[in-house]
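Here is the structure we will look at, set down as structure tokens.
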Amino acid sequence: VTRYLQAGVFYVLILNNMPPSALPVADTTPLSVAYANGGLTSPGGHVVQLHERLVELGVLSVSKENLDGFAFFAVGSDEDLDRQWPKLLAGKPDIVKVFLGFSEEYARRRDDPAFFGMRGLDPELVPSIVRRAHGTGLRVAAHIETAADFRIAVAAGVDIVAHLPGWRVGEEAGFADTQPERWFLTPDDAQKAVAKGVIVVTTAIAGDAALDSSHAHHSIVRGIHRRNLQTLRSASVHLALGSDYWSGTSVTEAVYLAQEAVIQGVVPLGGLDNLTLIQLLAVHTPRAIFPSRRVGGLTEGDEATFVVLEEDPVASLRNLLQIRLRVILGEIIEVPEGG
């Protein structure tokens with residue numbers, strides 16, 4: 001929480017959490033946080049492996065057998081969805097998260113233990129999930145891996161695509177090759193996202209951080225992200241910034257997507273100009289998280305939540321790190337510096 005406050009990030013969307021973890025943050029900090037409270041994935045799908053590993057490491061005190069229905073909701077059929085849906089709603093999520101993964105190979109990966117953690121929902125279930133969620137007034141955010149997942153998510157009517165395609169490639173994604181075409185979005189993909197009003201959250205630094213710069217796939221992942229960003233921007237797709245990076249925030253994502261080196265150890269992708277990144281940080285991302293609230297503006301009636309910087313961040317994104325004042329809902333917030 002302190003990291004967010006230090007960075008001047010006051011609106012947060014957590015798309016992979018367990019319901020009890022929502023309470024302490026909401027009760028004890030001035031942050032505005034929206035939670036998914038567990039997501040819908042396939043049996044043995046993405047996040048199942050992650051949470052089982054956390055149990056093995058002793059990070060989670062729950063047993064592996066009790067993860068389903070707590071950390072995630074495994075769904076492999078319409079019957080599973082009927083059974084799990086009331087449990088998901090009982091957690092009172094702010095948004096519904098669905099985990100798509102390698103949809104073009106769903107049938108091949110579904111029951112193969114070699115693809116444990118490298119598969120997602122049956123693509124045919126996603127439209128039903130979206131209809132159910134929208135029917136209860138909830139938006140839907142989709143984890144994706146490939147361009148095929150992006151297409152499935154957009155066609156199903158999700159509100160948010162929570163990744164750029166291609167954060168892992170090659171053997172890490174269950175493929176014997178690294179054909180970038182699997183992750184390249186087309187102008188038609190982007191136009192369909194615009195037509196449906198889909199928001200795309202970048203999370204590019206997560207893919208970069210997962211690989212050492214000497215890794216053979218490092219430059220491939222960066223190239224995929226750079227090209228996809230260009231495709232989305234050319235079509236004016238609504239973007240938002242998120243890092244999906246344990247030690248970073250949306251500000252970290254912004255400086256990663258920038259054209260200048262700002263933070264030591266973060267090699268910029270060179271994807272977006274400073275003004276665009278600042279608009280994404282200060283306006284579009286908060287509004288993507290809380291579309292019904294008057295956030296990201298400085299007109300009468302807007303939430304008085306903002307930061308005051310020492311110098312103009314358009315001149316240099318380094319100035320994003322020089323915060324003079326933090327104000328949340330009209331109150332000055334004091335936070336420890338550094339750390």
When residues of segment 284-339 are limited to those that are open to solvent by 40 Å² or more (accessible area, probe 1.4 Å) and β-branched (Val, Ile, Thr), the one nearest to Gly271 (Cα to Cα)
Val314
The conditions are (1) in contact (Cβ under 8 Å) with a residue 24 or more places away in the chain; (2) over 26 Å from Val221 (Cβ atoms); (3) polar (S, T, N, Q), and Ser250 fails exactly one of them. Which is it?
(2)
I'd like the full set of residues that are without any contact (Cβ under 8 Å) to a residue 60 or more places away in the chain, open to solvent by less than 20 Å² (accessible area, probe 1.4 Å) and within 21 Å of Ser77 (Cβ to Cβ), limited to segment 35-46.
Gly38
Looking only at segment 146-164, how many residues end up being of a type outside the set (A, V, I, L, M, F, W, C) and either at pLDDT below 95 or touching a strand residue (DSSP E or B) at 6+ places or on another chain (Cβ under 9 Å) (or both)?
4
Residues that are among the aliphatic types (A, V, I, L, M) and open to solvent by 90 Å² or more (accessible area, probe 1.4 Å), drawn from segment 47-68:
Leu57, Val59
Do we have Val198 as open to solvent by less than 10 Å² (accessible area, probe 1.4 Å) and either hydroxyl-bearing (Ser, Thr, Tyr) or without any contact (Cβ under 8 Å) to a residue 60 or more places away in the chain (or both) here?
yes
Can you tell me which residue in segment 70-115 is surrounded by the most Cβ atoms within 10 Å (Cβ to Cβ), limited to those that are in a loop (DSSP other than H, G, I, E, B) and touching an Asp or Glu at 6+ places or on another chain (Cβ under 9 Å)?
Leu100
Exactly one condition in (1) more than 21 Å from Pro43 (Cα to Cα); (2) among the small types (Gly, Ala, Ser); (3) in contact with an Asp or Glu (Cβ under 8 Å, 6 or more places away or on another chain) is not met by Ala162; state its number.
(1)
The one condition Ala282 fails out of (1) touching a Leu at 6+ places or on another chain (Cβ under 8 Å); (2) within 16 Å of Leu321 (Cα to Cα); (3) part of a helix (DSSP H, G or I) is (1)
Among the residues of segment 124-173, the number that are in contact with a helix residue (DSSP H, G or I) (Cβ under 8 Å, 6 or more places away or on another chain), buried (at least 19 other Cβ atoms within 10 Å of the Cβ) and part of a helix (DSSP H, G or I) is 13
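Any residue that is in a loop (DSSP other than H, G, I, E, B) and of a type in the set (S, T, N, Q) - is there at least one of those in segment 256-270?
Yes, the conditions are met somewhere in segment 256-270.
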Assuming Asp212 fulfils every condition listed in (1) touching a residue at least 12 places away in the same chain (Cβ under 8 Å); (2) at negative phi; (3) open to solvent by 50 Å² or more (accessible area, probe 1.4 Å) apart from one, which condition is it?
(1)
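The values are calculated or read from the model by the stated rules, or taken from the named source; none is laboratory data. From a predicted model like this one, the values you see are computed outputs, not experimental measurements. Because the Cβ atoms are built from the backbone with ideal geometry, glycine has one as well, and the counts that use them run over all protein chains shown. For accessibility, only protein heavy atoms count, side chains too; no ligands or nucleic acids. Shrake-Rupley method; radii C 1.70, N 1.55, O 1.52, S 1.80 Å.
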